[in-house]
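J.: What follows is a single structure, and I will ask about it in a moment.
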Amino acid sequence: MSPSLDTTLSALADPTRRAILERLARGKATVGELRKPFRMSPPAISQHLKVLEQAGLIEREVRAQFRVIRLNPTPLKAAEDWMHDQRTFWESALDNLEHYLKKGETND
């Protein structure tokens, strides 16, 4: 079962997790490489990675003693599709409102 949109958006709500995903968009990285720019403890970065993994946004792979993390863009696509649908709906609704208000101005 794929993670829900709510889980994806919740994971994306944190700026550290978004920064981790931005880094992973450039390619795979080890946990140590991901932790370095944030100057946080190993347990703290692990918690962020756990949230991202539960949301399906990252995948872990074991290579010898290293944990290599890579981005899984599938949940991002689902979020993008949802946002696109919302934008389309609201743009149409606002266009209709604008048309209605302009029509009312010409009838005065």
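Read-outs: derived from the displayed coordinates by stated rules, not from any lab. Model, not experiment: these values are computed from the prediction. Counting neighbours? That spans all protein chains shown, and the Cβs are built from the backbone with ideal geometry, glycine included.
J.: Tell me, which helices (runs of 4 or more DSSP H) lie completely within the stretch 1-89 with 3 or more residues that are aliphatic (A, V, I, L, M)? If you could, list the steps in order and put the result at the bottom.
T.: Numbers: elements: 5-12, 15-24, 31-35, 42-54.
Hits in the stretch 1-89: 5-12, 15-24, 42-54.
J.: If you don't mind, there's one more thing I want to ask. For the stretch 46-59, how many residues meet the condition of being hydrophobic (A, V, I, L, M, F, W, C) and surrounded by fewer than 16 Cβ atoms within 10 Å (Cβ to Cβ)?
T.: The first filter runs over the stretch 46-59 and keeps only residues hydrophobic (A, V, I, L, M, F, W, C), leaving 49, 51-52, 55, 57-58.
Right, trim to surrounded by fewer than 16 Cβ atoms within 10 Å (Cβ to Cβ) and you get none.
So the answer is 0.
J.: Would you check which residues across the stretch 1-45 are under 10 Å from the mean Cα position of the chain (by Cα), surrounded by 13 or more Cβ atoms within 10 Å (Cβ to Cβ) and among the acidic types (Asp, Glu) and list them?
T.: Matches in the stretch 1-45: ASP14 only.
J.: Still on this structure: Contact list please: Cβ distance under 7 Å, first residue in the stretch 53-73 and at positive phi, second residue of a type outside the set (Val, Ile, Thr) and assigned to a helix (DSSP H, G or I), pairs at least six apart or on different chains.
T.: So the pair list comes out as GLY56/PRO75.
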